[in-house]
Amino acid sequence: MNIVRANPEQLFEYGPFTVRRQRPGEAFSPLVSVDLMSLKLDARIPMQHHQDEEVFTYLWRGSMQHQDSNGERTQLSAKRVMVVNAGDGVQYEESVPLYEAELLQAVIRPSQPGGEAMTQVLERDQGIMTNGWTELAGPEESDAPLELRQEVYIYDTLLERNQTLNVPSMPGFFAYLTVLEGIIRIGDQRLGRGDAVSSLDSSIEIVGDRDANLVCFLVKPDNFA
């Protein structure tokens, strides 16, 4: 088990933005980066060009507005999760006009460059499921509701205090688990907001020490045969 503790030096604060960047490393290529962000009211990320990347945006508190270069707007929240398959190129901006937002945004390198740009939204009226994993995204050939152009699956849960859960598993895939909020215990280790853990055996139990929002990535590394 490999634990990466939240490090104050990884925290970037500027105006209405607070960003903690996690870099899972070569062992989890093609998962390039995982950003945990707090955006205050009226924060705005200006229009930017994205190409050859899969961008997964997940809010667990508040709301955020996504607007593409055609002016189409999409409100995101805990009930609306987004994947942008940038492909040959797409432009969009993000803003927080209504409520402060807490979110995770992950960048995944696609298996092949190019392709048509596509934006997908998963709507779920009940929001985040408690004490059980929900499959949010997966490879194009999978049954996951959001498609990724890479061998990566993404799950989420709200693990309540004193409840237990096993890590998602799949042959040939490795788990990277990040704690968005709350506290969990794995063995004799306690993990809190901004901590991440990998190299987990599927038999290991996660215990809720304090209600915890969790996101887990299952990744097939580029060098895995």
- Message: If you average the C-alpha positions of region 67-90 and of region 13-45 separately, how far apart do those two centres end up, in angstrom?
- Response: 17
- Message: Taking R0 as 22 Å, what FRET efficiency do you get between GLN48 and THR134 from their Cβ-Cβ distance, rounded to the nearest 0.05?
- Response: 0.15
- Using only the alpha carbons of the chain, determine the length spanned along each of the three principal axes and report them from longest to shortest in whole angstroms. 50, 42, 37
- Query: In nanometres, what is the gap between the two model label sites at VAL19 and GLU141, each 7 Å from Cα along Cα-to-Cβ?
  - Reply: 3.5
- Item | Integer Hz, Karplus 6.51/-1.76/1.60 couplings in order for region 104-117, x for Gly and Pro | 10, 9, 10, 10, 10, 7, x, 5, 9, x, x, x, 5, 5
- Please report, to one decimal in angstroms, the Kirkwood hydrodynamic radius of region 12-67 built from all distinct Cα-Cα pairs. 13.3
- Query: Using a 1.4 Å probe, what is the accessible area per residue for region 1-79, in Å²?
  - Reply: 55
- Tell me, what % of the accessible area of the chain is carbon and sulfur with a 1.4 angstrom probe? 44
- Message: Give me the extension gain from ARG61 to LEU11: residue separation times 0.36 nm, minus the current Cα-Cα distance, reported in nm with one decimal.
- Response: 16.1 nm
- Query: Quick one: length gained pulling GLU205 to ASP88 fully straight, 0.36 nm per residue minus the C-alpha distance?
  - Reply: 38.0 nm
- Message: Check which residues have an amide H placed less than 5 Å from ALA43's amide H, if you skip close sequence neighbours.
- Response: VAL96
- Message: Can you compute the equivalent ellipsoid semi-axes for region 1-100, i.e. the square root of 5 times each eigenvalue of the Cα gyration tensor, sorted largest first and rounded to whole Å?
- Response: 23, 19, 12
- Item | Unit charges on C-beta of K, R, D, E only; dipole of the chain, Debye | 680
- Relative contact order of the chain (C-alpha contacts under 8 Å, at least 6 apart) in percent is 20
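The values are calculated or read from the model by the stated rules, or taken from the named source; none is laboratory data. In this text the structure is predicted, and so the values were computed from the model without any measurement. When we count neighbours, we look across all protein chains shown, and the Cβ atoms used for this are built from the backbone with ideal geometry, even at glycine. Just so you know, the surface numbers come from the protein's heavy atoms only, side chains and all, with ligands and any DNA or RNA stripped out. Shrake-Rupley method; radii C 1.70, N 1.55, O 1.52, S 1.80 Å.
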